[in-house]
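Below is one structure, written out as structure tokens; the observations come after it.
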Amino acid sequence: MMKQYLLPALGCLFLVLSGQLIAAEQDFQLKEDCPPGFELTTGHCELRSLYQMYPSLVGAGVGGLKTGLPEWRDGFTPQQTDLGRYLFFDPALSGDGSVSCASCHHPDKGFADGLGRSIGITGEPVARSAPTLWNVAFLKSFFWDARATTLEQQMQGPLFDAHEMGNSPDKLLATLNGIPAYRDLFAQAWPEDFASDGAQIRLDQIYAAITAFQVSLISLNSRYDHYAHGYHEALTEPEIEGMNIFRSFVARCSECHTPPLFTNQQIAVIGTPDPEGMPFDIGAQKTLKEPSQRGGFKVPSLRNIDLTAPYMHSGRFATLRDAAEFYTDGRGHAVPEGEELKIHWHIWEPKLSDDELDRLVDFMKTLTDESFKPDQPDRLPSGMKPVHNDIAQLGSNHDVETQHE
Amino acid sequence: MNKLAVAVGALVLLGGGYFLGQGKQSEPTVIKVASEPKAAFTSSGSDEVAAATTGALSVRSLETPTSGELIVVKDGESIQDAVKAASPGAVIKVMPGTYKETVYIDKDNITLSGVIEQGRYPVLEGEGVRNDAVLYSGNGVTIENLYITHYKGNGIMGQAGNNYIIRNNYVVDTGVYGIFPQLGKNGIVSHNIISGIEDAAIYVGMSDHVDVVYNQVYESVAGIEIENSRHALVEANYVYNNTGGILAFITPGLPIKTCGDVLIRNNFVVNNNHENFAIPGSLVSNIPAGAGILNMACDDVVIEGNIITGNDSVGILLTDFSLATSAAKDPDSEPNPNRPKILNNIMQNNGTNPAPLVRAFLATQLETQGPDIVDTVGMDDGCILNPERFRTLGLDKYGDCEFSNTSNVVSYTLPEPVPPRSKEGFKKGKLAYYGVCAGCHAYNSRMIGPPTQILQALYMDNPEGIAAYAANPVKKRDDYPEMPPQGHLDEETLMAAAKYMLKVKK
């Protein structure tokens, strides 16, 4: 019994000591452990999930309860992943040091920001809502209009957009190369690249590190998952009722929000309203150069959906109940006059009752799992203070405004 | 509105690079006698089935494994209660009576079997308010001998269940699809009688290796639809008075984007002239009434030995997405019905009263009567036997088929069931440790729970101790929060995870 208490005590002592070292502005040390959900194999972190026990039809990663996952990204090192975590929270990545990735993808807000439309360095709302980063390891395309096919490509959007993080590639490189702590951390993450003295931090390393962190954000341990793996007591009767409505061919939710990821990763034209006063958002028409995809947007995953209100590309719906109700208010009911959209065939008139809508919300709330939520650093290699909580404050003010719409 | 839709449809057909081939057969019929037999039919599906066949050949021998457990459900009781009580391998027998419920089966190897007495079936009654009659996600289900009526959604719907058997059911006046297995592999849909469905009576969606045989489908918008699926045999079905009889489709915008290796063989496809009563916006709302067999974008479809008569618009229609005017285009879905094969069908009396969409098209060909067979794309990789027998449009580039029949394929179901889901070679304990336990336990650093290294020192050779504790934890340490119970993992998984936890080294 002594041993049981002694070991943690020793651990604490070590933590205290290392804390003092940090306080003395010594080196940052990157983690040598993989993030939760990953196994360290030959220096690299590989995803492990109970869903890997199951196959899926033609490997597509869509199906029912016991269905395998879509293809995913992994294989980064623990150090690269942890470096990405620092970068993710560091406002030094923005043009004026006022925002970080976490400003719009806040860990406490489901890696979204609680805003209808996100706010970048200008203080003005941008065109669309920030999507969650949970489970991006499994996605084939990024942005609401699917205009990026990798995370590395995606992050250059917000990083270098004048309305979002307002940086430029040159300035970003100059900033990070000018911070000794970062040079040291990049050398820890890519020792072979920094073997020579004059080695500089490169853009592809920055993108890779942030990608490494983002693909570690795995959420597959919700109560729904417990049910899926065979523990049927994990869900209450109303939640199971909701699940059956969700997968029924009346509500048809699971036809596009298909397990196990709760998205089929397709683009769908469903005709949700844009915010008041905003021009009609043509969505994927621009990406695909395809007029019939006018107003088409990527089907979002519903995992952790309870954490990421408001909903849809425009953040138009304040609650899950409102979002669910949209589907039963009539095919194309919110399409502006003069717009001819090829509304998806699964949008019909399911005539869901109030009770059924409530049950759907009950079920969607069972998809919440933050058990692998990463730590938020309280100290950053740039020496700057984390700012994402300031922006989140701004977010909660804006929420009120959204609800008035 | 209808007129407008027709005009738009015809324009789309014309505008979509429509192949306007020589419609009339003007050359004299050439009589040939083969000097040697043609090659045997081969396909990826038949190869796969043949390769898996060892020992004596048996056709559709798939059976749901049973354990001897029997649960009898009587009128007034709940079928779902029986499903909840059932273990994998159970047979649930449902006595005649009326059951007003949705039954969902999220377990493997469940047989749900109606008992028929003097022609009296157990009735699943949706009363126009319930969504679906039967949902299943488990592997190896059998659903048989039920009478399903008045549901709003589907009669029987599967999501990713493999090795399924759906047979001997009546589905009457029930919503969107009568029988809808989706995202599963290896199944049989046979001897069902289905009518009054506002989309497809039998709809095989995104599936592999399925036989749809000996069914009677009528008075529905689509009789049988094979969609975004591979290796499907549609044989010996009686398909009449639907809007469209038998369909092989790619629906654009789905996550599985191919359709191919479909045999439509020896069916009766008769008088499919029902008014289209599909839901607006659905893909089948585009089907012209009077279409016998319809292939939109599905590859390697063999249409063989069917009796196709009395379909007022056209006997066989092959087309691309120009028919799907209501759907957004999907650049990742290939639109053409590649390599069509048409063998020895009996066709008579088709096209005598074409639907407006078809009539508008025929007018562009200076025709008034619908053909037996039309290919609106004008594929150049198709084949047809004895083309002189049929009135055709757009088949000018079709060649002679290299095989004369597909009789060497008796089934597209697999001789052995698809194995259970837990894949060999994957260590359950490792997956559970990293996938679940690692949320709180890192190897040698403190997270929410104590490091694995400490637990290893504590438990040493006692994985049972870890498994038991994890299932029912109690507060042990002041400096850590109480562990949440992990009873959602079954005993076997918990033990495997505990063993892995004790041996992990980093």
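Summary of computed values
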| item | result |
| --- | --- |
| Cut-off 12 Å between beta-carbons: net charge of the residues surrounding residue B:314, Lys and Arg +1, Asp and Glu -1 | -2 |
| Inter-chain Cβ neighbour average for residues A:285-293, partner chain, 10 Å | 3 |
| Alpha carbon Rg of chain B, scaled by the compact-globule rule 2.2 N^0.38 Å | 1.16 |
| Dipole axis of region A:223-367 (+1 Lys, Arg; -1 Asp, Glu on Cβ), positive-most option in A:324, A:283, A:348 | A:283 |
| Reachable lysines, given that their alpha-carbon falls under 16 Å from the alpha-carbon of residue A:109 and they are not under 8 places away in the same chain | A:365, A:373 |
| Helical contribution to [θ] at 222 nm, DSSP H n ≥ 4, -39,500 (n - 2.57), averaged over chain A, rounded to 500 | -10000 deg cm²/dmol |
| Shape category assigned to region A:27-178 from the gyration tensor of Cα positions, a/c cut at 1.5 | oblate |
| Positive-end residue of A:148, A:295, A:240, charge dipole of chain A with Cβ unit charges | A:148 |
| Charge tally in the Cβ shell below 13 Å around residue B:466, where Lys, Arg are +1 and Asp, Glu are -1, residue B:466 excluded | 0 |
| Relative contact order for region B:319-464, counting Cα pairs under 8 Å that sit 6 or more residues apart, in percent | 16 percent |
| Cα centre as origin, Lys/Arg/Asp/Glu Cβ charges: chain A dipole, Debye | 720 debye |
| Burial order of peptide ranges B:261-268, B:445-452 (average beta-carbon count within 10 Å, highest first) | B:261-268, B:445-452 |
| Estimated 222 nm signal from helices in chain B, with DSSP H stretches of n ≥ 4 weighted -39500 (n - 2.57), rounded to 500 | -4500 deg cm²/dmol |
| Averaged over A:220-227, number of beta-carbon atoms from partner chains that fall within 10 Å | 2 |
| Projected label distance in nm at residue B:381 and residue B:447, using a 7 Å step from Cα toward the beta-carbon | 4.9 nm |
| Shielding score for A:349-357, defined as the mean number of other chain Cβ atoms within 10 Å | 1 |
| Degrees, to the nearest 10: B:2-15 long Cα axis against longest axis of chain B | 80 degrees |
| Cα centroid separation, region A:155-197 to region B:256-278 (Å) | 58 Å |
| Isolated Cys residues of chain B, judged by Cβ distance under 4.7 Å to other cysteines | B:437, B:440 |
| Contact order normalised by residue count of chain A, Cα under 8 Å, 6+ apart, percent | 21 percent |
| Net charge dipole size for the protein assembly as shown [Lys, Arg +1 and Asp, Glu -1 on Cβ; Debye, nearest 20] | 1060 debye |
| Gyration tensor verdict on region A:207-308 (Cα atoms; rounded if a/c is under 1.5, prolate if a/b is larger than b/c, oblate otherwise) | oblate |
| Cα long-axis angle, helix A:2-23 against chain A (0 to 90 degrees, to the nearest 10) | 80 degrees |
| Rounded tilt (10° steps) of A:237-247 against the dominant C-alpha axis of chain A | 80 degrees |
| For region A:223-367, convex hull volume per residue from C-alpha positions, Å³ | 103 Å³ |
| Spin-label pair residue A:160/residue A:340, simplified geometry with 7 Å Cα→Cβ offset, distance in nm | 3.9 nm |
| Spherically averaged projected area in nm², based on the convex hull that wraps the Cα atoms of chain A | 22.8 nm² |
| Net charge dipole size for region B:428-503 [Lys, Arg +1 and Asp, Glu -1 on Cβ; Debye, nearest 20] | 240 debye |
| For region A:291-341: rounded, prolate or oblate by the Cα gyration tensor [a/c cutoff 1.5] | prolate |
| Two-decimal ratio, region B:428-503, of alpha-carbon radius of gyration to 2.2 N^0.38 Å | 0.97 |
| Gain in span if fully extended, residue B:129 to residue B:101, counting 0.36 nm per residue against the direct Cα distance | 9.1 nm |
| For the protein assembly as shown, with +1 on Lys and Arg beta carbons and -1 on Asp and Glu, the positive-most of B:368, A:218, A:307 along the dipole | A:218 |
| Stretchable slack from residue B:348 to residue B:464, in nm (0.36 nm times residue separation minus alpha-carbon distance) | 34.5 nm |
| Percent RCO, i.e. relative contact order, over region B:428-503, from Cα pairs under 8 Å lying at least 6 residues apart | 41 percent |
| FRET efficiency, residue A:122 to residue B:369 (Cβ-Cβ, R0 60 Å, nearest 0.05) | 0.35 |
| Per-pair calculated FRET efficiency, R0 = 56 Å: residue A:237 and residue A:96 via Cβ, rounded to 0.05 | 0.60 |
| Cβ-defined net charge surrounding residue B:83, 13 Å radius [Lys, Arg +1; Asp, Glu -1] | -3 |
| Residue A:321 paired with residue A:385, simple spin-label distance in nm, labels 7 Å along Cα-to-beta-carbon | 3.9 nm |
| Size descriptor, Kirkwood hydrodynamic radius, that averages inverse alpha-carbon separations across region B:71-208, Å | 14.3 Å |
| Base-10 log of normalised Debye intensity for the protein assembly as shown (one unit scatterer per alpha-carbon) at q = 0.10 Å⁻¹ | -1.17 |
| Region B:397-472: Rg to Rh, with Rh as the Kirkwood radius over Cα pairs | 1.48 |
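Any read-out appearing in this document is the output of simple, stated calculations on the displayed coordinates, not a laboratory observation. Owing to the predicted nature of the structure, the values given are computational and were not obtained by experimental measurement. Cβ atoms come from the backbone with ideal geometry, glycine included; neighbour counts cover every protein chain shown.
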